[in-house]
Each structure stands twice: as C-alpha cells, then as structure tokens.
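Visitor: Just passing along the structure, written as structure tokens.
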Amino acid sequence: MEDILKGITTCQGATYEYEYIRQFPPLVNDDNMTSLAMKSIKKIIGDKNVFELSEPSMGGEDFAYLAKEVPATFVFLVLQKMKIIQYFIIIQNSNGMIKI
C-alpha cells in the first residue's frame, strides 16, 4: 500500500505521510464450521446454489473478533428472484368467512 502511495506522490513531485492503523484482525473461517455450514445450506437451497468464493476476500469484518474466540465461519447470503407465495386457509363458519 505504501509503495503505491510513494509511486503516485513521487511522480507528481509531492510528499506524503503514511500510517497504517490495523482496525480488524484477519477473518479466518474454521474448516469444520465451514463444512457444516455448506452441507446444511446445500440441503436447504440445493448444491447448485452454494459455492465458495474463488478468491479470498480482503474485506474487513468485525465478525473476525468472534471467529478468533470460537470456531466460526462467515457466509455471504444473496437472495435473487425470490418468489413469495402466500397460502391461506379459508374457514366458513356461521358468521361468514375467516381467512387464517
């Protein structure tokens, strides 16, 4: 990061001050929890709808503090084209119809 900053400022004849402040620890998923989550999610939404990222994500996440203390895994959940179907039970009684 500093090399990029140095290159940009040097070629422009500018100066810079660099200080990196680490905000969050790296988020490392537990292999066993990841396996458990993958199996469970695949049962619910199907194998073809679950995949691992092909590249590690460099995003910071405060969930990393929890994952340092207990076995954990971080999951991205994306919902697309979700069709919501409502079911009603109609009951006829002496006062009319009641929708439940």
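The values are calculated or read from the model by the stated rules, or taken from the named source; none is laboratory data. Note that this is a predicted model, so its numbers are computed, not measured. Note: ideal-geometry Cβ built from the backbone for every residue, glycine included; neighbour counts use all protein chains shown.
Visitor: Out of PRO71, PRO26, which single residue is closer than 30 Å to ASP3 by Cα and either surrounded by fewer than 10 Cβ atoms within 10 Å (Cβ to Cβ) or modelled with pLDDT of 80 or more (or both)?
Guide: Sole residue among the options that is closer than 30 Å to ASP3 by Cα and either surrounded by fewer than 10 Cβ atoms within 10 Å (Cβ to Cβ) or modelled with pLDDT of 80 or more (or both): PRO26.
Visitor: Follow-up. Tell me whether segment 45-52 contains one or more residues that are among the aromatic types (Phe, Trp, Tyr) and part of a helix (DSSP H, G or I).
Guide: The answer is no, given that none of the residues of segment 45-52 is among the aromatic types (Phe, Trp, Tyr) and part of a helix (DSSP H, G or I).
Visitor: Filter segment 29-66 for residues that are among the acidic types (Asp, Glu) and at pLDDT below 85; which is nearest to the chain's Cα centre (by Cα)?
Guide: GLU61
Visitor: Test PHE74 against the criterion of being out of contact with any helix residue (DSSP H, G or I) (no Cβ under 8 Å at 6 or more places or on another chain) and aromatic (Phe, Trp, Tyr), and give yes or no.
Guide: So PHE74 does not fit the description; no.
Visitor: What number of residues within segment 34-66 satisfy the criterion of being within 12 Å of PHE76 (Cβ to Cβ), loosely packed, with under 11 Cβ neighbours inside 10 Å and aliphatic (A, V, I, L, M)?
Guide: From segment 34-66, those within 12 Å of PHE76 (Cβ to Cβ) are 37, 41, 50-53, 57, 59, 61, 63; that's our starting set.
Keeping just the survivors that are loosely packed, with under 11 Cβ neighbours inside 10 Å gives 51-53, 57, 59.
Okay, now just the ones that are also aliphatic (A, V, I, L, M), so 53.
Number of matching residues: 1.
Visitor: While we're here: Select from segment 8-23 the residues that are in contact with a Phe, Trp or Tyr (Cβ under 9 Å, 6 or more places away or on another chain) and either among the aromatic types (Phe, Trp, Tyr) or surrounded by 12 or more Cβ atoms within 10 Å (Cβ to Cβ) (or both) and list them in ascending order.
Guide: Hit for segment 8-23 is THR9, nothing else.
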